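Trainee: Below you will find the structure I want to go over with you.
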Amino acid sequence: MLSILNAEIRYEQDVVSARQRARHIAALLGFDAQQQTRIATAVSEIARNAFQYGGGGRVEFSVEGRTRPQIFTIRITDRGSGIRDLDAILNGEYTSETGMGLGIVGARRLMDRFEIQSSQGGGTCVSMHKLLARKARLLTAELVPDLTAELIRQSPSGLMEVVRQQNTDLLRTLDELRERQEELARLNRELEDTNRGVVALYAELDERADHLRRADEVKTRFLSNMSHEFRTPLNSILALTRLLLDRADGELGAEQERQIYFVRKSAENLSELVNDLLDLAKVEAGKLVVRPVEFEARNLFGALRGMLRPLLLNTSVNLVFEEPDEIPLLCTDEGKVSQILRNFISNALKFTEQGEVRVSARLSDDRRKVVFSVADTGIGIAAEHQSIIFQEFAQIENSLQRKVRGTGLGLPLSKKLAELLGGSVSVASQPGLGSTFSADIPLVYAMFQPFSEVMLVPELDQARLPVLVVEDEIEQRLLYEKYLRGTGFQVLPARNLREARALLETVRPAAVILDIFLTGEDAWDMLPYLKTAPETSDIPVLVVTTVDDRQKAMSLGADAFAQKPVVRRWLLDNLQALTGRSAPRKILVIDDEEVSRYLLRQLFPCPPDQVIEASNGGEGLRFARDEQPQLILLDLLMPELGGFEVLERLRADPLTSEIPVVVSTSKSLDGEELERLERFSAGLLLKNRLTDGSGVRELRRICRGMGLGHLLPEQEASPAER
């Protein structure tokens, strides 16, 4: 916080001086004339209350925030007896013959945020906040002395000057109102003329839209008929030639075999052409459906490796797939990504006589996309030809092109498929040195649709509290969905402020998670709106954003603040504390022995605990991701997937990395194993404690050390203790 000026309010003239100082500071901070008047009026009303009812006080002017827009803060305190009917005054229910309370209500309407604290005999403190203009200069500690010096030069004037300034403000406001009325009348006349033109235009558009619909229907029928009419005879030709080549009806002569081979090859080329042409037409017509699923790049490469090995007829060319170890799960259309890479790889194999074709994947610099690359040591492409290879039916003449002539549609189709998934394709090549084709595919497919005035409200789960999440990045929205899965909270997503306001009109959330920097807008204005509107002022707001400006967010009314990336534990703890909703106590037991699972389950009181059992490591990892337990009890010695490997995977997964783990084992651990447990922040419970009756006490001690004492409170006896 940057302090600008402090002044005492002892005499009536000090009220006038406070008003003038507020106007001068607002002008120096870049507020326009109208905002200066609003700020000065609010300060005047509260300062007069402090003088008249509080026997004097103090006014402090400061600026908060390290990023634009900063906050102009005015704090006025008095040493009076306090305000007796404060709640009634703020609700507009209090009436007073002296007018007390009207100034408070009026000042609150003039400012972005208004806070008042008062106690009987303890005085009153009023804090008022106003966001600076977005283009205003950023005030720093170095600039404060210059601003203070300018204020000293502008000495307060007398009462007559204040009256003259108020009259000027009133005249300016009246002029603005008259201009707005004239502008409104002019706009109404223009709208009447425009409406008549729009009616005529709509009639013409309806007629043209009808023509376009009929043309689209004809095109759709044509594609459907062509698909059937072309593919049926082509499939018959391919099937019959295969029968002949397999000698199903006797031997063939050498010349006959050669002729049938040519027929089959032509049919295959024609079939490939029809398939690619239909796919292109579907993309352009918007008929191609994207079906996003979660998959791993490693599995995609494995499928491609098995699929394309038969195409590797040239023994002097190696097809190499690099292991994509650092690539997280993708959520997009796996079939279309596979089709893009198949086109790239088959193209590379055609034009590479010796060397290798190398397939790889890496994360982009912003970690939002996967860059799939297919590099070859083939003939390469000249710079002047690189701009046309992605055009339909474009082929470059060269010696290999005559041997392996294709359709000229593979690369254009790959380009359109990548764009359909929200990505792009590119090529880097030099003649004689080879080519590298790349496709940038977003990790998460998102079909961004324009905001609709008629917005569908998600179906509410009556057993869960709705939480409005204002977040423009789909990856972050999915993260919140996963964080709150299996809890008592339901995510209501909004991509922008308009969607958030529309949801608030239909649903009252238990809390709001607000990102400040959204696409094309920021939400600093939304925060005071939420905290001052009567219907939302009591809803907790958690600000989760990229910028570190906690003080600014809290001054505008935020109930909690965190920088991205937010961790699940912080999110749940704050939601539970602010909404009063405690999370169900879920404990996951991962052990291959049924008896051990039974004994561990007896350590916890039931109900209300929910103990989930997993009989192997793989099942335990799946339950940990889906159920998000508060504690995991993990056996070390299990077949197939051992405890240490399970623990390592739990810590590597962002969804489970924060879940506390207690290892339960009967094995005597050596120093290296104990060090591994400490590195993974895991507790240790020896199974022999389950048989001597001290298991509950030992587990309670471990839970307290992990901050989970509520799972096994002292006053609550478990079945094992009974």
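Trainee: Can you tell me which residue is farthest from the chain's Cα centre (by Cα) among those in segment 104-135 that are closer than 20 Å to Asp525 by Cα and assigned to a loop (DSSP other than H, G, I, E, B)?
Mentor: Once the filter is applied, the top-ranked residue is Met111.
Trainee: Still on this structure, I have one more. For segment 296-333: of the residues being assigned to a helix (DSSP H, G or I) and more than 19 Å from Ser373 (Cβ to Cβ), which is modelled with the lowest pLDDT?
Mentor: Pro310
Trainee: On to the next question. Among the residues of segment 225-238, is any touching a Lys or Arg at 6+ places or on another chain (Cβ under 9 Å), outside the structural domain of Gly410 (by TED's automatic domain parsing) and modelled with pLDDT of 75 or more?
Mentor: Yes, that holds for at least one residue.
Trainee: Would you mind stating whether Arg48 is surrounded by fewer than 21 Cβ atoms within 10 Å (Cβ to Cβ) and either in a helix (DSSP H, G or I) or not assigned by TED's automatic domain parsing to the domain that holds Glu12 (or both)?
Mentor: When the stated conditions are applied, Arg48 passes them.
Trainee: Now a separate question. Residue check: is Thr67 polar (S, T, N, Q), under 25 Å from Glu142 (Cβ atoms) and surrounded by fewer than 18 Cβ atoms within 10 Å (Cβ to Cβ)?
Mentor: Answer is yes for this residue.
Trainee: Now for a different question. State all residues of segment 495-515 that are of a type in the set (A, V, I, L, M, F, W, C) and crowded, with 17+ Cβ neighbours inside 10 Å; if no residue qualifies, say none.
Mentor: Passing the criteria: Leu497, Ala500, Ala502, Leu503, Leu504, Ala510, Ala511, Val512, Ile513, Leu514.
Trainee: On to the next question. Is it the case that Ala18 is in contact (Cβ under 8 Å) with a residue 24 or more places away in the chain and either in contact with a Ser or Thr (Cβ under 6 Å, 6 or more places away or on another chain) or part of a strand (DSSP E or B) (or both)?
Mentor: When the stated conditions are applied, Ala18 does not pass them.
Trainee: For residues that are within 24 Å of Leu329 (Cβ to Cβ), among the hydroxyl-bearing types (Ser, Thr, Tyr) and at pLDDT below 85, tally how many sit in segment 440-484.
Mentor: So the count comes out to 2.
Trainee: Here's something else I'd like to know. Is it the case that segment 334-347 has a residue that's under 32 Å from the mean Cα position of the chain (by Cα), at pLDDT below 85 and either within 19 Å of Ile441 (Cβ to Cβ) or not assigned by TED's automatic domain parsing to the domain that holds Leu421 (or both)?
Mentor: Checking segment 334-347: at least one residue is under 32 Å from the mean Cα position of the chain (by Cα), at pLDDT below 85 and either within 19 Å of Ile441 (Cβ to Cβ) or not assigned by TED's automatic domain parsing to the domain that holds Leu421 (or both).
Trainee: Hey, another quick one. Tell me which residues, restricted to segment 49-89, are among the charged types (D, E, K, R) and either under 17 Å from Leu147 (Cβ atoms) or modelled with pLDDT under 90 (or both).
Mentor: Scanning segment 49-89 gives Glu60, Glu64, Arg66, Arg68, Arg79, Arg84, Asp85, Asp87.
Trainee: Let me confirm something: among Arg58, Arg75, Arg48, which residue is of a type outside the set (A, V, I, L, M, F, W, C) and under 38 Å from the mean Cα position of the chain (by Cα)?
Mentor: After ruling out the rest, the residue left standing is Arg75.
Condition check ((1) of a type in the set (Phe, Trp, Tyr); (2) surrounded by 19 or more Cβ atoms within 10 Å (Cβ to Cβ)) across all residues:
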position: Gly580; (1), (2): no, no
position: Ile587; (1), (2): no, yes
position: Asp591; (1), (2): no, yes
position: Tyr598; (1), (2): yes, no
position: Gly617; (1), (2): no, yes
position: Ala624; (1), (2): no, yes
position: Leu636; (1), (2): no, yes
position: Leu655; (1), (2): no, no
position: Glu658; (1), (2): no, no
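Trainee: Right, next: Given the conditions (1) surrounded by 19 or more Cβ atoms within 10 Å (Cβ to Cβ); (2) closer than 30 Å to Glu475 by Cβ; (3) modelled with pLDDT of 85 or more, report the number of the one that Ile379 does not fulfil.
Mentor: Every condition holds for Ile379 apart from (2).
Trainee: Another one. Based on this model, can you work out whether Glu535 counts as under 19 Å from Leu131 (Cα atoms) and out of contact with any strand residue (DSSP E or B) (no Cβ under 6 Å at 6 or more places or on another chain)?
Mentor: No: the conditions fail for Glu535.
Trainee: Do we have Pro534 as within 27 Å of Asp87 (Cβ to Cβ) and out of contact with any helix residue (DSSP H, G or I) (no Cβ under 9 Å at 6 or more places or on another chain) here?
Mentor: Against the criterion (within 27 Å of Asp87 (Cβ to Cβ) and out of contact with any helix residue (DSSP H, G or I) (no Cβ under 9 Å at 6 or more places or on another chain)), Pro534 qualifies.
Trainee: Of the numbered conditions (1) farther than 15 Å from Leu151 by Cβ; (2) of a type in the set (A, V, I, L, M); (3) touching a strand residue (DSSP E or B) at 6+ places or on another chain (Cβ under 8 Å); (4) buried (at least 17 other Cβ atoms within 10 Å of the Cβ), Ile4 satisfies every one except a single condition; which is it?
Mentor: (1)
Trainee: Pairs only if they're at least six apart or on different chains, beta carbon under 7 angstrom, first in segment 655-670 and in the same structural domain as Gly695 (by TED's automatic domain parsing) and on the phi < 0 side of the Ramachandran plot, second polar (S, T, N, Q) and surrounded by fewer than 19 Cβ atoms within 10 Å (Cβ to Cβ); list them, first residue then second.
Mentor: Close Cβ pairs (under 7 Å, with a partner that is polar (S, T, N, Q) and surrounded by fewer than 19 Cβ atoms within 10 Å (Cβ to Cβ)) amount to Ser666/Asn688.
Trainee: When you look at Leu603, is it touching a helix residue (DSSP H, G or I) at 6+ places or on another chain (Cβ under 9 Å) and part of a helix (DSSP H, G or I), yes or no?
Mentor: no
Trainee: Hey, another quick one. When the residues of segment 516-546 are filtered to those that are under 14 Å from Gly557 (Cα atoms) and within 15 Å of the chain's Cα centre (by Cα), which remaining residue is surrounded by the most Cβ atoms within 10 Å (Cβ to Cβ)?
Mentor: Val543
Trainee: If a residue has to be within 26 Å of the chain's Cα centre (by Cα) and either small (Gly, Ala, Ser) or at pLDDT 85 or above (or both) to count, how many in segment 574-601 make the cut?
Mentor: Qualifying residue count, segment 574-601: 9.
The values are calculated or read from the model by the stated rules, or taken from the named source; none is laboratory data. Everything numeric here is computed off the predicted structure, so don't read it as measured data. All Cβ positions, glycine included, derive from the backbone under ideal geometry; neighbour counts span all protein chains shown.
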